[in-house]
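The values are calculated or read from the model by the stated rules, or taken from the named source; none is laboratory data. Keep in mind that this is a model prediction, so the values were computed, not measured. Every residue, glycine as well, gets a Cβ built from its backbone with ideal geometry; the counts of neighbours run over all protein chains shown.
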Amino acid sequence: MRLCVFICLLFTGLAAAQEYPSRQVTIVASTGAGSASDMIGRILAPRLQQRFGRPVIVENRTGASGNIGVASVVKSPPDGHTLLIAPSTITITPWLVKDLGWDPSRDLDAVARVAVVSMALTVHSAVPAQDAREFIALAKQRPGALNYGTPGAGTPQHLGMELFKQATGTSLTHVPYKNLPGAVTDVLGARVDGGFFAVQSVLAHAKAGKLRLLATTGERRTPWTPDVPTLQEQGVSGADVESWIGLFAPQGTPAAIVNRLHQEVSVLLSSPDVAETLFQGGVQVGLASPAELRELVRSELERYKRIVAAAGLRAD
């Protein structure tokens, strides 16, 4: 009997995948226009439309730190016609918002991690530190005197610096802003000493000599900053934070449809023109399978739970 049920489910899933998509596919971006998630969604959408023969659109559903967009996808029918493209902050939000109503490991089916965004430990050019080692030494000489800007409490930039403080035994003062441009502007104006920022958001200023990149996150140097050593190269371990972008479907979406989506996205990301377009936009292709993304979400939920607690942040 169980074998019969399994066979029926298998053929039902295969049939669904063969018929999919039967109408327009909407990719919900939980972040605003111009964000990395939005940009990637708009690169993939027209190419998926060509392959599917059905309309594929990107719809920005922003607000409440991305929660509105995620919640709308969680509540959508699990048929693959409504998808979510979102940054790694979905593994931070559950620890900062009370009664969130969704859990990324429970309510979303992972389709693919599509890209990674490396960050750089960045300071104003007047800060007397040429690399991470010198910055750590300076911070230890002047506990609490150096400050850093972020787009807000609980953002990857904030928690990345909290990890840095824990890993290096330094004391730095947090200056939260309402958005990324505000934080970068005040570092440029030397009103704030530095911070962790996406490489592409500060690269032009570094080339102009206004900012200095002391180190980058990740296992390897970024292709944009081959002369800037990683934190690990400079002896700082346990402080790496890389933002990533993932594609998700509502929980319960047939496995055959999830696999079809993953295969289609994999083909597109392996295309040189897509990879180059992403590169010019400041992100690198970072393809991961549904199983790998599920494990990444699980592990980062656990990691950020610890970081948020250590930083003394509380859910509002």
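Can you name the residue in segment 45-81 that is of a type in the set (A, V, I, L, M) and not in a helix (DSSP H, G or I) and, of all such residues, is farthest from residue 178 (Cα to Cα)?
The initial filter retains those residues of segment 45-81 that are of a type in the set (A, V, I, L, M), namely 45, 48, 56-58, 64, 68, 70-71, 73-74.
Next, only the ones that are not in a helix (DSSP H, G or I) stay: 56-58.
Values: 56: 32, 57: 29, 58: 25 Å.
Only one residue fits best here, namely 56.
Go through (1) surrounded by 18 or more Cβ atoms within 10 Å (Cβ to Cβ); (2) on the phi > 0 side of the Ramachandran plot; (3) among the aliphatic types (A, V, I, L, M) for residue 29 and report which single condition fails.
Failed condition: (2).
Being under 15 Å from residue 44 (Cβ atoms), outside the structural domain of residue 204 (by TED's automatic domain parsing) and exposed (fewer than 14 other Cβ atoms within 10 Å of the Cβ) is the requirement here; does residue 273 meet it? Walk me through it before giving the result.
Details: under 15 Å from residue 44 (Cβ atoms): yes; outside the structural domain of residue 204 (by TED's automatic domain parsing): yes; exposed (fewer than 14 other Cβ atoms within 10 Å of the Cβ): yes.
So residue 273 fits the description; yes.
Being modelled with pLDDT of 95 or more, surrounded by fewer than 18 Cβ atoms within 10 Å (Cβ to Cβ) and touching a helix residue (DSSP H, G or I) at 6+ places or on another chain (Cβ under 6 Å) narrows it down to one of 251, 263, so name that one. Write out each step before concluding.
Working: 263 fails: touching a helix residue (DSSP H, G or I) at 6+ places or on another chain (Cβ under 6 Å).
On inspection, the qualifying residue turns out to be 251.
Restrict the check to segment 264-278 and report whether at least one residue is over 30 Å from residue 104 (Cα atoms) and in contact with a Phe, Trp or Tyr (Cβ under 9 Å, 6 or more places away or on another chain).
No: segment 264-278 contains no residue that is over 30 Å from residue 104 (Cα atoms) and in contact with a Phe, Trp or Tyr (Cβ under 9 Å, 6 or more places away or on another chain).
Can you report the number of residues in segment 121-163 which are at pLDDT 95 or above, buried (at least 16 other Cβ atoms within 10 Å of the Cβ) and hydrophobic (A, V, I, L, M, F, W, C)?
Count: 10.
Return yes or no: is residue 260 in contact (Cβ under 8 Å) with a residue 24 or more places away in the chain and part of a helix (DSSP H, G or I)? Outline the logic, then answer.
Numbers: in contact (Cβ under 8 Å) with a residue 24 or more places away in the chain: yes; part of a helix (DSSP H, G or I): yes.
The answer is yes for residue 260.
Here are the criteria: (1) under 27 Å from residue 199 (Cβ atoms); (2) surrounded by 18 or more Cβ atoms within 10 Å (Cβ to Cβ). Tell me which single one residue 80 does not satisfy.
(1)
Going through segment 25-37 one residue at a time, which ones are in a helix (DSSP H, G or I) and among the hydroxyl-bearing types (Ser, Thr, Tyr)? Don't jump to the end; show me each part of the working.
Going through segment 25-37, the residues in a helix (DSSP H, G or I) turn out to be 36-37.
37, the sole residue that qualifies.
Out of segment 279-297, which residues are surrounded by 14 or more Cβ atoms within 10 Å (Cβ to Cβ), touching a residue at least 24 places away in the same chain (Cβ under 8 Å) and either in a helix (DSSP H, G or I) or among the acidic types (Asp, Glu) (or both)?
Those that are surrounded by 14 or more Cβ atoms within 10 Å (Cβ to Cβ), touching a residue at least 24 places away in the same chain (Cβ under 8 Å) and either in a helix (DSSP H, G or I) or among the acidic types (Asp, Glu) (or both): 279, 290, 293, 294, 296, 297.
So, in segment 97-131, exactly how many residues are over 17 Å from the mean Cα position of the chain (by Cα), of a type outside the set (Ser, Thr, Tyr) and outside any strand (DSSP E or B)?
Final tally of qualifying residues: 14.
Within the group 40, 85, which residue is in a strand (DSSP E or B) and touching a helix residue (DSSP H, G or I) at 6+ places or on another chain (Cβ under 8 Å)? First the steps, then the outcome.
Numbers: 40 fails: in a strand (DSSP E or B).
On inspection, the qualifying residue turns out to be 85.
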